[in-house]
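The values are calculated or read from the model by the stated rules, or taken from the named source; none is laboratory data. None of the values given here were measured: they were computed from a predicted structure. FYI the Cβ positions are ideal-geometry reconstructions off the backbone, even for glycines, and counts take in every protein chain you see.
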Amino acid sequence: MAGLEVMASLAPKSSSIFRVRDKVPWQIVCMALAKISKEASMYGRLKYSLEYSYHRKVRSAVLKHVMEVRWKTTAKWKPDKDFCIKVADLALKESLDPQCCPKCSGRGNIIIDDTLHTCALCLGVGIKSMHDSIRADYLGVHRHTFRKNIRHHYFREVMSVIRDWEDELVLAFKRM
């Protein structure tokens, strides 16, 4: 077992007669988590070990980064604290609950007439990305405002923090 599967091995398991997982001692996992940043460790525990007690702490860490972003403002729109909280919640929702592609059921491929085709909806990834209009509705802003003032900062500054945590986790568990 390698990589982030090690973290998932600590999560509650369903009964399965088909596959037995190799068990990595929890002490080794804890030692690996101690070598990375506190935020990445909490995020990994929340996402992969399903320790929901870390949700509030991870949300606070994301919110701290969101508050530091210099959002583009207009005469009609200025971000406030409620907006920043919604951005932090949206970023966590997107990273913790990836949406399974409805067309291929997360497989990335579709069989049509005994021929295997790459899913056109998710481009073979298996996860359907959230659309900008859905993000704008979630944040309570117009789609145009999201695209013009928020989108760039959301992906470059907010989601990049979560991607950095994921990268830290991957590096920490790569050698296991």
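Worth a mention:
Listed here are the residues, each with its yes/no results for (1) at pLDDT below 80; (2) under 16 Å from the mean Cα position of the chain (by Cα).
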residue	(1), (2)
L63	no, yes
M67	no, no
R70	no, no
T73	yes, no
D80	no, no
K86	no, yes
A91	no, yes
E94	no, yes
P98	yes, yes
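- The single condition among (1) modelled with pLDDT of 80 or more; (2) touching a Leu at 6+ places or on another chain (Cβ under 7 Å); (3) over 16 Å from F173 (Cα atoms); (4) not charged (D, E, K, R) that P12 does not meet is (1).
- Residue tally, condition at pLDDT 90 or above, in a loop (DSSP other than H, G, I, E, B) and surrounded by 14 or more Cβ atoms within 10 Å (Cβ to Cβ), over the stretch 138-176: 2
- Qualifying residue in the stretch 117-132 (condition: charged (D, E, K, R), surrounded by fewer than 13 Cβ atoms within 10 Å (Cβ to Cβ), under 19 Å from the mean Cα position of the chain (by Cα) and under 18 Å from M159 (Cβ atoms)): no
- Output for the stretch 112-137, where each listed residue is modelled with pLDDT of 80 or more and either closer than 27 Å to W71 by Cα or aliphatic (A, V, I, L, M) (or both): I112, L116, A120, M130, H131, D132, S133, I134, R135, A136, D137
- Any hit, the stretch 158-172, residues being in contact (Cβ under 8 Å) with a residue 12 or more places away in the chain and over 24 Å from A40 (Cβ atoms): no
- Residues in the stretch 34-53 that are modelled with pLDDT of 90 or more, farther than 14 Å from F173 by Cβ and either touching a His at 6+ places or on another chain (Cβ under 8 Å) or buried (at least 19 other Cβ atoms within 10 Å of the Cβ) (or both): E39, M42.
- F83, sole failed condition from (1) more than 19 Å from R163 (Cα to Cα); (2) in a loop (DSSP other than H, G, I, E, B); (3) touching a residue at least 12 places away in the same chain (Cβ under 8 Å): (2)
- Residue satisfying condition, being basic (K, R) and either in a helix (DSSP H, G or I) or over 26 Å from K148 (Cβ atoms) (or both), within set R70, R135: R135
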